[in-house]
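Trainee: Before we start, here is the structure in question, set down as structure tokens.
The values are calculated or read from the model by the stated rules, or taken from the named source; none is laboratory data. Being a predicted model, the structure only gives us computed values, none of them experimental. When we count neighbours, we look across all protein chains shown, and the Cβ atoms used for this are built from the backbone with ideal geometry, even at glycine. Areas reflect the complete protein model, heavy atoms only, side chains present, ligands, DNA and RNA absent. Shrake-Rupley method; radii C 1.70, N 1.55, O 1.52, S 1.80 Å.
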Amino acid sequence: CLLNLLIKKVRLISISAIITGQLIGLNLFSNTSIFLVVLISALSIILKYFMQIKWRQNFNPAVLGLLLGAVIFKTNPTWWGVSWNSWFWLFLLLTQGYVLRRMKRIWQPLSFLIAYALYLYMKNPGNIFPLLMDGSLFLFAFVMLPEPQTSPTKTYWTYLWGPLVVINILLITFLPDFNVDSLLSSLILANGESLLLRKALHEI
């Protein structure tokens, strides 16, 4: 609310900022201090405002905050908020799947899961379904990856957004001693890559 007042000169409570804080809280270690959760959430929200181009967010704020926490405060995500139940992926598929279908964004997570399944199979041929039916993967695919304000919206991006993130996951495997969450890192990389591509194509 304060940042909206200072930057946009409007009194407005940001729902996206509340969601950002919730996602960060659900992914940090469950024993992380409240002070650190609030600090990381505040940093991500501040960066959200200062990294905008033409008042548009380009980097997923929750993911950016979690990565900042991992790099600066060594609080690597644990995805504890969705790991308590082995069937939580189905809840996300049904609920978020319905919402994304209404928003005409359902192919963003689906194309990601298809590409990720191929990546897993190439990496280790066999039964990959236990690795796919995971709450953390579905939270990433159905909530973080298609985030409305930071994922591209052109028709072809509906199908290319997910595979681009998977390509980044593959590339990260070649980095020696890389120990930051590959899902989150790949999404932030894709945010930057899509920004450059859309600028080159004069979409922004």
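Trainee: Quick one: putting +1 on the C-beta of Lys and Arg, -1 on the C-beta of Asp and Glu, what dipole do you get for the chain around its Cα centre, in Debye to the nearest 20?
Mentor: Working: 15 positive and 6 negative charges, 175 e Å.
With Lys and Arg at +1 and Asp and Glu at -1, about 840 debye.
Trainee: Right, something else. So what is Rg over Rh here for the chain, counting just Cα atoms and using Kirkwood for Rh? Walk me through the intermediate numbers first.
Mentor: Values: Rg = 16.9 Å, Rh = 17.7 Å.
With Rg and the Kirkwood Rh in hand, the quotient comes to 0.95.
Trainee: From the backbone phi of the stretch 96-106, what are the Karplus-calculated ³J(HN,Hα) couplings (6.51 cos²θ - 1.76 cosθ + 1.60, θ = phi - 60°) in whole Hz, Gly and Pro given as x?
Mentor: Once θ is set to phi - 60°, the couplings for the stretch 96-106 become 5, x, 5, 4, 5, 5, 5, 7, 6, 10, 5 Hz.
Trainee: In the stretch 137-159, whose amide N lies under 18 Å from the spot 7 Å out along Cα-to-Cβ of residue 102? List them in ranges.
Mentor: 142-144, 146-149
Trainee: Before rounding to the nearest 500, sum -39500 (n - 2.57) across all DSSP H runs of length at least 4 in the chain and divide by the residue total; then give [θ] at 222 nm in deg cm²/dmol.
Mentor: On the way: 9 runs with 120 residues, N = 204.
Estimated from H runs of four or more residues: -19000 deg cm²/dmol.
Trainee: In the chain, what is the count of Lys pairs whose alpha carbons are under 20 Å apart, counting only pairs at least 8 residues apart or on separate chains?
Mentor: Here the count comes out as 9.
Trainee: Report in % the part of the accessible area of the chain that belongs to carbon and sulfur, leaving out ligands and nucleic acids; probe 1.4 Å. Display every interim value, and only then the final one.
Mentor: Values: 7990 of 11500 Å².
Using a 1.4 Å probe with all protein chains present, the chain comes out at 69 percent carbon and sulfur.
Trainee: Next question, about the same structure. Can you list the HN-Hα couplings for the stretch 136-144, worked out from phi with the Karplus curve (6.51, -1.76, 1.60; θ = phi - 60°), rounded to whole Hz and with x for Gly and Pro?
Mentor: My calculation for the stretch 136-144 gives 5, 5, 6, 5, 5, 6, 9, 10, 7 Hz in order.
Trainee: May I pose another question? Give the longest segment of the chain that steers clear of trypsin sites (Lys or Arg not before Pro) in DSSP loops with at most 14 neighbouring Cβ atoms within 10 Å, not counting the sites themselves.
Mentor: 155-204
Trainee: Using each residue's phi in the stretch 147-157, evaluate 6.51 cos²θ - 1.76 cosθ + 1.60 at θ = phi - 60° and report the 3J(HN,Hα) Karplus result to the nearest Hz, with x for Gly and Pro.
Mentor: Result, rounded to whole Hz: 3, x, 7, 10, 9, x, 10, 4, 3, 5, 5.
Trainee: Which order do 122, 144 take when ranked by solvent-accessible area (1.4 Å probe, heavy atoms of all protein chains), largest first? Present the calculation step by step, with values, prior to reporting the outcome.
Mentor: Values: 122 145, 144 0 Å².
The ranking, largest first, comes out as 122, 144.
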